[in-house]
Amino acid sequence: MVAAADAQNYAQKLGITNDMVVQELGWDEDSDDDLRASVEETIGGELVDEDSDEVIDVVLLWWRDGDGDLVDALMDAISPLSDEGFVWVLSPKTGQSGHVEPSEIAESAPTAGLTQTSAANLGSWTGSRLVQPKARPAKR
């Protein structure tokens, strides 16, 4: 029963609320269907893919070791992102096939113009939340 309760909390852990537009990038057979279902139930619709031309509130980027250049993927992910939007880099936990070292995410984020703000335990995946820095008000 605990796993089902955790699955219901995935969207909440990710800060996803009703009516947000959530884009999914990097989906593969190993992606967590419970996490995806929790997000879709919360937003009241389907996740959009990379072909969407909507302004995006949240990007879920499934990322595994060997998937390529994380900086490039993050740069692509933030293109359609709203000013208040954020990216979750989802990677397999330590010991799982495709595990990504947290340092790789931490080093890639600033290069892509993002700041890491938090992490979440998501079943067999971990999430790193990345945000765009707030613009500083102009000096007078």
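The values are calculated or read from the model by the stated rules, or taken from the named source; none is laboratory data. Source: prediction; values computed, not measured. Neighbour counts are summed over all protein chains in view; Cβ atoms, including those assigned to glycine, are modelled from backbone coordinates with ideal geometry. The protein model used for the area step is the full one, side chains on, heavy atoms only, and it has no ligands, DNA or RNA in it. Shrake-Rupley method; radii C 1.70, N 1.55, O 1.52, S 1.80 Å.
Quote to one decimal, in nm, the extra length available between Glu50 and Asp28 on full extension: 0.36 nm per residue of separation minus the C-alpha distance between them.
Working: separation 22, 0.36 × 22 = 7.92 nm, distance 1.38 nm.
This chain segment gains 6.5 nm when fully extended.
Within the set of other residues whose C-beta is less than 10 Å from the C-beta of Ser91, count the net charge using Lys and Arg as +1 and Asp and Glu as -1.
-2
What number, rounded to the nearest 500 deg cm²/dmol, is the helix-based mean residue ellipticity at 222 nm of the chain, given -39500 (n - 2.57) per DSSP H run of at least four residues and division by all its residues?
On the way: 4 runs with 42 residues, N = 140.
The helix-only estimate for the chain comes to -9000 deg cm²/dmol at 222 nm.
Which shape class, rounded, prolate or oblate, goes with the range 31-110 when its Cα gyration tensor gives a ≥ b ≥ c as root eigenvalues, a/c under 1.5 marks rounded, and past that a/b bigger than b/c marks prolate?
Cα axes put the range 31-110 in the oblate bin.
Quick check for you: with a 1.4 Å probe and neighbouring chains kept, what is the accessible area per residue of the range 38-95, in Å²?
Numbers: 2790 Å² over 58 residues.
That works out to 48 Å² for each residue.
Kirkwood Rh and Cα-based Rg: tell me the resulting Rg over Rh for the range 11-64, rounded to two decimals.
Working: Rg = 10.4 Å, Rh = 11.3 Å.
Ratio of gyration radius to Kirkwood radius: 0.92.
Quantify, in whole percent, the carbon and sulfur part of the accessible surface of the chain (1.4 Å probe; protein heavy atoms only).
Values: 3730 of 7960 Å².
Here it works out to 47 percent.
Take the eigenvalues of the Cα gyration tensor for the chain, scale each by 5, and report the square roots as semi-axes in whole Å, largest first. Numbers along the way, then the final one.
Values: eigenvalues 107, 71, 40 Å².
Output for the chain: semi-axes of 23, 19, 14 Å.
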